[in-house]
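Asker: Structure provided below as structure tokens; questions to follow.
The values are calculated or read from the model by the stated rules, or taken from the named source; none is laboratory data. Everything quoted here is computed from the prediction, not taken from an experiment. Every residue, glycine as well, gets a Cβ built from its backbone with ideal geometry; the counts of neighbours run over all protein chains shown. The protein model used for the area step is the full one, side chains on, heavy atoms only, and it has no ligands, DNA or RNA in it. Shrake-Rupley method; radii C 1.70, N 1.55, O 1.52, S 1.80 Å.
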Amino acid sequence: MLILLALGYIHQQYQSGEALFLYAIIGLVVIPLYWAPRTVNLVIGVVGFIAAAAIGVKMLTIPFLIILGLSAGQYQLMEKIQKGLPYLGRIWFISFIASIVGIGIMWWVAPPDAMSPFLYEVIGASLPVAEQANMDAAFQLEHIGVAIGPVVSIFYLSTLLRLNQNMTFAKMLSPLHVFGRMALTNYIAQTIILLVVYQLIFADAAVSYTVSTLVCIGMVIVQVIASNLWMRWFQYGPLEWVWRCGTYLSFIPIRKKHSKPRVHDTRVRG
């Protein structure tokens, strides 16, 4: 946690909305819940997360997400998913409909004009009527995004689980498995990539939501490819390796003994 705290502090200097610093602090605080009954953790996580999402404050959801993750481990959720999750089809359909409705509402309330990158630095300032309307719409959009985020996440997860039940789709999705193994490195790298792209291409200009979406999609595609190339030769991502060495206070070899990549069967059986 101390290593994550240090990484988060450095990252925060360049990305004020980053979460690693807060993750590390909350992770240290919730350690006693490791010994709490799983039902207690589940109730705290679900009730707290729903309340935070309804309020629309993204940072308030983080503690309860961490507690839900702890509860998922206590309930051995991953093991149960591998054996086959009941009602997966119903979960997928309901979350799909809810996601379509939620995303549609977000596009409807989104500001018509591109927002300035200093949006959160002008809170309380006196702005022209048109700019103030755009800002109000942007904050409303953020509020809705926090509330609908859990539903969209369930839709993403249930979609991947259903696709993973098929051999063909499982092979197609296997690059995402490697991408996830380098989550910390890719998270930090996204800030670096976006800062470079923004400075070189957009030069402090306002960026529309459509352009932002396309840039992010392109960035993730590049990172998936780069992650798979990296993991052909190495066992861990760069930052994952640093974190692991620091956790065990020993030097852990990062190079693979065999250069040929191994095929991972990530299908969900059910």
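Asker: Within region 244-270, can you find the residues that are at pLDDT 90 or above, closer than 19 Å to Ile188 by Cβ and open to solvent by 80 Å² or more (accessible area, probe 1.4 Å)?
Answerer: Scanning region 244-270 gives a single hit, Arg244.
Asker: Separate question: Having 1 or more residues that are hydrophobic (A, V, I, L, M, F, W, C), modelled with pLDDT of 90 or more and loosely packed, with under 14 Cβ neighbours inside 10 Å is the bar; report the helices (runs of 4 or more DSSP H) wholly within region 1-95 that clear it.
Answerer: Where helices (runs of 4 or more DSSP H) fall fully within region 1-95 and carry at least 1 residues being hydrophobic (A, V, I, L, M, F, W, C), modelled with pLDDT of 90 or more and loosely packed, with under 14 Cβ neighbours inside 10 Å, they are 38-55.
Asker: Using the structure shown, decide if Val178 is in contact with a Ser or Thr (Cβ under 6 Å, 6 or more places away or on another chain) and open to solvent by less than 60 Å² (accessible area, probe 1.4 Å).
Answerer: In short, yes.
Asker: Name the one entry in Val151, Val146 that is modelled with pLDDT of 85 or more and of a type in the set (A, V, I, L, M, F, W, C).
Answerer: Result of the check over Val151, Val146: Val151.
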